[in-house]
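Heads up: the structure comes next, in structure tokens.
The values are calculated or read from the model by the stated rules, or taken from the named source; none is laboratory data. Please read all numbers here as calculations on a predicted model, not as lab measurements. We place every Cβ from the backbone using ideal geometry, glycine too, and count neighbours over all the protein chains shown.
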Amino acid sequence: MRGSRRTLMVLVTLALVLAMAVPVFAGGRAEREDVPYIAVVSKGEQHDFWQQVRLGASAAADEVGVEITFEGPPSESDVQIQVEMLNSAIARGPVAVALAALDTNAVMDQLTSLGGQNIPVIGFDSGVPDAPEGVIYANASTDNFAAAGMAAERMFEALEPDLRNATSANPVRIVVLNQDARGESLLSRGRGFRDTMVDLIVERTPYNQSHLRVTGNPAFIASHNPTGGDRVIIEMVVPASADAQDATASAQAVLARVRDQNIRGIFMSNEGTVRGLLSATDDGAALPSDYPGLIAIGFDAGRAQKDAVRNQYFLGSITQDPYSIGYQAVQLAYAAYQGQPVSDVDTGARFYTHENMDDPQIEGLLYD
């Protein structure tokens, strides 16, 4: 009997030792103090896009064996909330930080501090433009300029007859809806669409830059853009704020001018502006009936946007690979922490339509 008890005690002790030796993971986070901690601070959490980024980041954390936190403010206009989230994450002592900054100027002190401590910072999605030199080790992001250029190419193809027939008396107007004029990703998308459309019109129609005009929000107008023409007008629109109601109000204001100003195309540069247009058009159902011939192209995915594409209310949309963005951000952060050389990673983009959205190589990129 005594031997049985001794054996039982040995087995219990051995089980406890083994349990303490195995790291415990919960929701992608390790609970052992000796596991490296990487802070991931995004621009938001409310959109489906950010949920896919979170999944990718968690998968990478599990793969390399690190603890992560993933935080983002309720709205992409909540700059101060993001600053507080970054401060809280830094206070936990990360070995690296992955950051998609809403406003680089608002986190300049934090970036300088991280650089002084030799804590690597990885930019993701829009990254951290204009950060102090040497602080950002690499970026995991879509080439947003090129991705929006793909949207311009598809819209040009659909509108080429209208563009060729544009006159001073009846100019063609194309509207670009941008959620804000701060984040690098949205700035790059607006500028990529704008410049690609201008180039295509100059290369493939009888018109030159003197016939074109880029107008609207000054953040989206560069010195090389034409501003005096009257045949084709590219209008850069930014809502009053990044809130959903302002995106909807901005879309409604544009739609109210479709007939009077001959607006032939609308490009929405993110999920927020897409939702604004869908909210203003009964989830897109009013587009073919109330605005026949209007070409709408979105950016990102989400259930409502996918439905608009599938129902052919939209010509199509650009999808990123948000899962890859999160995954690569954590992989780069871990590699930088390990002292390995890292460099920027383009996480890719595709144009999807009702015809190809169920193809295997695209279907997996269309998150809900």
Mind listing just one residue for me: the one in the stretch 196-209 that is in contact (Cβ under 8 Å) with a residue 12 or more places away in the chain and surrounded by fewer than 16 Cβ atoms within 10 Å (Cβ to Cβ) and, of those, nearest to ASP78 (Cα to Cα)? ARG204
Looking at ARG275 and the list (1) buried (at least 20 other Cβ atoms within 10 Å of the Cβ); (2) touching a strand residue (DSSP E or B) at 6+ places or on another chain (Cβ under 7 Å), which single condition is not satisfied? (2)
For the stretch 210-223, give me the residue count where each residue is in a loop (DSSP other than H, G, I, E, B), in contact (Cβ under 8 Å) with a residue 12 or more places away in the chain and either more than 19 Å from ILE266 (Cα to Cα) or not assigned by TED's automatic domain parsing to the domain that holds ASN165 (or both). 1
Inter-residue pairs, beta-carbon under 9 Å, first in contact (Cβ under 8 Å) with a residue 40 or more places away in the chain and under 18 Å from ARG194 (Cβ atoms) and in the stretch 153-175, second of a type in the set (Phe, Trp, Tyr) and not in a strand (DSSP E or B), 6+ apart: MET155/PHE193; LEU163/PHE156; LEU163/TYR207; ALA166/TYR207; ILE174/PHE193
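Please go through the stretch 254-305 and give me each residue that is on the phi > 0 side of the Ramachandran plot and free of Cβ contacts under 8 Å to residues at least 24 places away in the same chain, ordered by number.
Hit for the stretch 254-305 is ASP282, nothing else.
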Any residue at all in the stretch 359-368 that is closer than 20 Å to GLY149 by Cβ and touching a Gly at 6+ places or on another chain (Cβ under 9 Å)? yes
Scanning the stretch 81-109 for residues that are touching a strand residue (DSSP E or B) at 6+ places or on another chain (Cβ under 7 Å) and not hydrophobic (A, V, I, L, M, F, W, C) gives GLN82, ARG92, GLY93, PRO94
Give just the number: which of (1) crowded, with 23+ Cβ neighbours inside 10 Å; (2) at pLDDT 95 or above; (3) in contact with a Ser or Thr (Cβ under 8 Å, 6 or more places away or on another chain); (4) not in a strand (DSSP E or B) does ALA140 not satisfy? (4)
Return only the number of the condition from (1) surrounded by 16 or more Cβ atoms within 10 Å (Cβ to Cβ); (2) closer than 21 Å to ASN270 by Cβ; (3) without any contact (Cβ under 8 Å) to a residue 60 or more places away in the chain that ASN311 does not satisfy. (1)
Within the stretch 102-122, of all residues that are touching a helix residue (DSSP H, G or I) at 6+ places or on another chain (Cβ under 8 Å) and not hydrophobic (A, V, I, L, M, F, W, C), the one farthest from VAL83 (Cα to Cα) is PRO120
Residues in the stretch 144-195 that are assigned to a loop (DSSP other than H, G, I, E, B), of a type in the set (S, T, N, Q) and buried (at least 23 other Cβ atoms within 10 Å of the Cβ) total 2
